[in-house]
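First comes the structure, then the notes that go with it.
The values are calculated or read from the model by the stated rules, or taken from the named source; none is laboratory data. These figures come from a predicted structure and were not determined experimentally. Cβ: placed from backbone, ideal geometry, glycine included. Neighbour counts: every protein chain shown. Accessible surface is based on the protein model in full, side chains and every heavy atom, while ligands, DNA and RNA are left aside. Shrake-Rupley method; radii C 1.70, N 1.55, O 1.52, S 1.80 Å.
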Amino acid sequence: MTAVAASAPRISAAPLPIMRRALFDGWRGLVGWIIGIAAVVSVYVPLFPTMASPELAGMLDSLPPELVNTLNYGDITSGAGYVQATFFGLTGFALLSIACIGWGSSLTGGAEESGRLELTLGHGVGRVQYALETAGVLLVRVIVIGAVGYGMVWLYDAPAELELDAGNLLAATVAWMGLGMLTAAASFVVGTSTGRRAWAVGAGSGLAIVGFVMQAVANNSEDLDWLHRFSPFDWAYYQDPLVDGWDWGGLGLLWGGSALLIAIGTFALSRRDILG
């Protein structure tokens, strides 16, 4: 047995070998993100009863309106507004974005840079199959994180006196997941198109940061309100899902955009010279 063959990933004949292998190899990291999401919810959400006070309302009135609009703290004294501002729109958004950027870049550009992609393709795995199963890994991980986020927030709903609606919480969670999936897809398309992990990280990070900044700028200027239409952050949260429920247009942009980027990335990988 040659050294290359010995180091090659073992591809079984069972269905979805790339997806199953990636999920198995990455289960420890996924558990870490699950713990992180659970910890953030456990730190922030139970504090709501102490935060929903006249003193907090007075403090918010003393803050610059631009800061309040940027952080979406305008409705923070309600349960829905507090969860949106502290978790879905800030800490949860940051954690999910970082996780999705790491997953999207390591499974594409990272795999090619390490030589793992070349070895995998050398064992009879098609490029389209590799790309689609990799996208499946991203989707499964986002769903797992979304389920944990939903479950943890709902767990604290009654104790923290949030008074959330279960259906609206699901709508907010799906929007949050869509935002993460779009970020992962941005890293995916650049990773499969260039084979460079750093570029894939830059694409996902750029999308997340620019989207957040665009909504912050638009929130503070009526003249720049049109920026809302181009921010994925606003596609997810412009119509507050914790209060108003499902925003099918925004969800369509998030999940449809993710599917489009994955299709482009799959096509790019099928056309590139990787083995040469």
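When Gln215, Gln239 are screened for being part of a loop (DSSP other than H, G, I, E, B) and either in contact (Cβ under 8 Å) with a residue 24 or more places away in the chain or over 28 Å from Tyr130 (Cα atoms) (or both), only Gln239 passes. When the test is whether a residue is at pLDDT 95 or above, under 17 Å from the mean Cα position of the chain (by Cα) and buried (at least 22 other Cβ atoms within 10 Å of the Cβ), Leu179 passes it.
Scanning the stretch 145-155 for residues that are in contact with a Leu (Cβ under 7 Å, 6 or more places away or on another chain) and open to solvent by 30 Å² or more (accessible area, probe 1.4 Å) yields Tyr150, Trp154.
Considering only the stretch 39-78, state which residues are part of a loop (DSSP other than H, G, I, E, B) and small (Gly, Ala, Ser). Correct list: Ala52, Ser53, Gly74, Ser78.
Ser221 - would you say it is under 20 Å from Ser105 (Cβ atoms), polar (S, T, N, Q) and at pLDDT below 95? Answer is no for this residue.
For the stretch 203-224, give me the residue count where each residue is under 13 Å from Ser97 (Cα atoms) and either β-branched (Val, Ile, Thr) or open to solvent by less than 40 Å² (accessible area, probe 1.4 Å) (or both).
Keep residues of the stretch 203-224 that are under 13 Å from Ser97 (Cα atoms), which gives 203-212.
Now restrict to residues that are either β-branched (Val, Ile, Thr) or open to solvent by less than 40 Å² (accessible area, probe 1.4 Å) (or both): 203-206, 208-211.
Residues flagged as under 13 Å from Ser97 (Cα atoms) and either β-branched (Val, Ile, Thr) or open to solvent by less than 40 Å² (accessible area, probe 1.4 Å) (or both) within the stretch 203-224 amount to 8.
Under the condition of being farther than 16 Å from Asn220 by Cα and surrounded by fewer than 15 Cβ atoms within 10 Å (Cβ to Cβ), the residues counted in the stretch 62-77 number 1.
In the set Gly151, Gly167, only one residue is out of contact with any helix residue (DSSP H, G or I) (no Cβ under 8 Å at 6 or more places or on another chain) and without any contact (Cβ under 8 Å) to a residue 24 or more places away in the chain; that residue is Gly151. Pairs meeting the criteria (first residue in the stretch 133-146 and within 15 Å of Ala259 (Cα to Cα), second residue in a helix (DSSP H, G or I) and polar (S, T, N, Q), beta carbons under 7 Å, at least 6 apart or on different chains) are Thr134/Thr108. The requirement of being surrounded by fewer than 15 Cβ atoms within 10 Å (Cβ to Cβ) and within 16 Å of the chain's Cα centre (by Cα) is not satisfied by Ile262.
Out of the residues in the stretch 242-259 that are over 19 Å from the mean Cα position of the chain (by Cα) and in a helix (DSSP H, G or I), which is surrounded by the fewest Cβ atoms within 10 Å (Cβ to Cβ)? First the steps, then the outcome.
Here is the first cut: in the stretch 242-259, the residues over 19 Å from the mean Cα position of the chain (by Cα) are 243-245.
Remaining after also requiring in a helix (DSSP H, G or I): 243-244.
Working: Val243: 16, Asp244: 12.
So, considering only residues that are over 19 Å from the mean Cα position of the chain (by Cα) and in a helix (DSSP H, G or I), the one surrounded by the fewest Cβ atoms within 10 Å (Cβ to Cβ) is Asp244.
If you scan the stretch 164-207, which residues turn out to be in a helix (DSSP H, G or I) and basic (Lys, Arg)? Scanning the stretch 164-207 gives a single hit, Arg197.
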